[in-house]
Amino acid sequence: MQFSKNNSYRDYFIERFGIGKEIEKYDFYEFAQSVWAYSGEYYEDKKIEVMGIRALRIKKVYKPTTAFLRIIGRYATKNVISLSSNDGMKFLKGENIDGVCGNNRGYVVVKSGSDVLGCGLCAGKLVSQIPKKYRIEETWL
Amino acid sequence: MNIEDYRDMIPDFEKFVARMNEPQPYWLRVNTLKITEDELIPRLEDKGFVLERFAGMNAYQIENMPVKHPGATVEHSLGYYYVQDFSSMLPALLLSPSPGDFVLDMAAAPGSKTTLMAELMKNTGTIVANDISDNRIKALAANIERLGVSNAVIVKGDATSRRFGAKFDKILLDAPCTGEGTYRKNQKERMPNLSDHIRMSKIQKKMLKNAERHLKEGGILVYSTCTFNPLENEEVVQYGVEELGLKIEKVELDIPHDKGVKSWREWSFEKVSDRMIRIYPHLVDTGGMVIAVLKK
Ligand SMILES: C[S@@+](CC[C@H](N)C(=O)[O-])C[C@H]1O[C@@H](n2cnc3c(N)ncnc32)[C@H](O)[C@@H]1O
């Protein structure tokens, strides 16, 4: 199986998050139930392990990754939730946050100040989608 | 080798030995793909980091920190900085890839130099990052993702023989080596012996040969290791010049360093020693690194 280019995934980021021309610098590639965002030149090789950054996981609905939102999320104009720094720390520890989603539903870009923290899911409360590898620990600053 | 074997080779040898026995300080660089130095440094200082900027460069020695490990911060997790010894930044800085370049990083994991090159290239052009080890490729992928590097392709293969299917403007061969320059950091006990160096040197020559094959005419290749033994450095580079027809470039470097070694035991490296760069721990309080810039 190979990475195959499909730039129709750009539309997801334009429609869901209102991201503008900044999305155009990435080409999107499908591979193994995921979509990868790549800003390099085309390179052909039979055994590519990783191409750019995983941007979406293809499930019943598309799920944006925290890693890609941390790059592109600053350009989002809708479906963005801003947290206080206290709530931001909780969110980064993997905790859910009540009372911030309002009418939002589905996956959102979560910010705190100028930091894009990653992907959240609004389902009544804000459910942290921060993967384990990016969760911060109690003793961290 | 016993470190004494290098007495005649390393200037200020006593200082060198003393430094090798001291713990190595941490260094960091700001990931300018995500944040500026002006934004990040005050944030870290507010948290209690004491940072000493080196020579106006994006390279900060950590003199004091409020956490046990320099990566135990929100900013690190967000990919705003990378903990990297200053000596390890130099091969990438000397290769100096520009935006749009087509670059091969032949032994890339865990990606300290790949991620720095992506910064210099502003996430444009292409970096093909290769390594042979699955585990280390995982670490490479994790660093690339955390830092937001989007212009890299990771491939797996043996750098001594793998065909990359293209020719590159710039190649970094940061070769596997016996790692004497990292002993300060890791406080290892056993120093490699002569047969370790000879075995490594053969592998490194094969890699250099394969690198040359993938370099465009006029392209630049940086060869580096983090070990001191000249068989893994000057000897390999001299092979590149004599057997592969590469030219060794003269490099102006404003950072304390030494030239290459002219001879060691029965080996002589006169053809390349003047243009090689040796970074020793007692010069800027770093690990060790030996570097050559070659042109096809
Ligand atoms: C000095 S480390 C590279 C450090 C890396 N350039 C960085 O800056 O983070 C050498 C690397 O070479 C890899 N390696 C060893 N033998 C190899 C081979 N035959 N082909 C490709 N990579 C190899 C090791 O797995 C290791 O990751």
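The values are calculated or read from the model by the stated rules, or taken from the named source; none is laboratory data. In this text the structure is predicted, and so the values were computed from the model without any measurement. Every residue, glycine among them, receives a Cβ derived from its backbone with ideal geometry; neighbour counts consider all protein chains shown.
If the condition is being of a type in the set (A, V, I, L, M, F, W, C) and away from chain A (no Cβ under 11 Å), then segment B:148-174 contributes B:Ala159, B:Ile171, B:Leu172, B:Leu173.
With farther than 20 Å from B:Val272 by Cα and either hydroxyl-bearing (Ser, Thr, Tyr) or modelled with pLDDT under 95 (or both) as the only criterion, which of B:Arg213, B:Arg190, B:Arg199 stands out? Steps first, answer last, please.
Values: B:Arg213 fails: either hydroxyl-bearing (Ser, Thr, Tyr) or modelled with pLDDT under 95 (or both); B:Arg199 fails: either hydroxyl-bearing (Ser, Thr, Tyr) or modelled with pLDDT under 95 (or both).
Answer to the selection: B:Arg190.
Against the condition at the interface with chain A (Cβ under 9 Å from one of its Cβ atoms), in contact with a strand residue (DSSP E or B) (Cβ under 8 Å, 6 or more places away or on another chain) and assigned to a helix (DSSP H, G or I), how does B:Glu45 come out, does it pass? Taking the combined requirement at face value, the residue does not satisfy it.
Filter the helices (runs of 4 or more DSSP H) completely within segment B:170-277 down to those with at least 3 residues that are among the polar types (S, T, N, Q). Explain how you work it out, then say what you get.
Details: elements: B:183-186, B:194-213, B:234-242.
Helices (runs of 4 or more DSSP H) meeting the threshold: B:194-213.
Within the bounds of segment B:117-137, is there any residue that is within 10 Å of the ligand (Cβ to nearest atom), closer than 27 Å to A:Glu22 by Cβ and either buried (at least 17 other Cβ atoms within 10 Å of the Cβ) or assigned by TED's automatic domain parsing to the domain that holds B:Glu232 (or both)? Checked against the condition, which is being within 10 Å of the ligand (Cβ to nearest atom), closer than 27 Å to A:Glu22 by Cβ and either buried (at least 17 other Cβ atoms within 10 Å of the Cβ) or assigned by TED's automatic domain parsing to the domain that holds B:Glu232 (or both), segment B:117-137 yields at least one hit. For segment A:10-60, a residue qualifies if it is farther than 15 Å from B:Ile127 by Cα, touching a Ser or Thr at 6+ places or on another chain (Cβ under 8 Å) and of a type in the set (A, V, I, L, M), and the qualifying residues are A:Ile19, A:Ala55, A:Leu56, A:Ile58. In this entry, A:Gly113 is excluded by the filter for residues that are loosely packed, with under 14 Cβ neighbours inside 10 Å, more than 14 Å from chain B (Cβ to nearest Cβ) and in contact (Cβ under 8 Å) with a residue 12 or more places away in the chain.
Filter segment B:91-116 for residues that are more than 8 Å from the ligand (Cβ to nearest atom) and under 18 Å from B:Gly165 (Cβ atoms); which is surrounded by the fewest Cβ atoms within 10 Å (Cβ to Cβ)? For segment B:91-116, the residue satisfying everything is B:Phe102.
In the condition set (1) within 12 Å of another protein chain (Cβ to nearest Cβ); (2) modelled with pLDDT under 95, A:Lys25 is compliant with all but (2).
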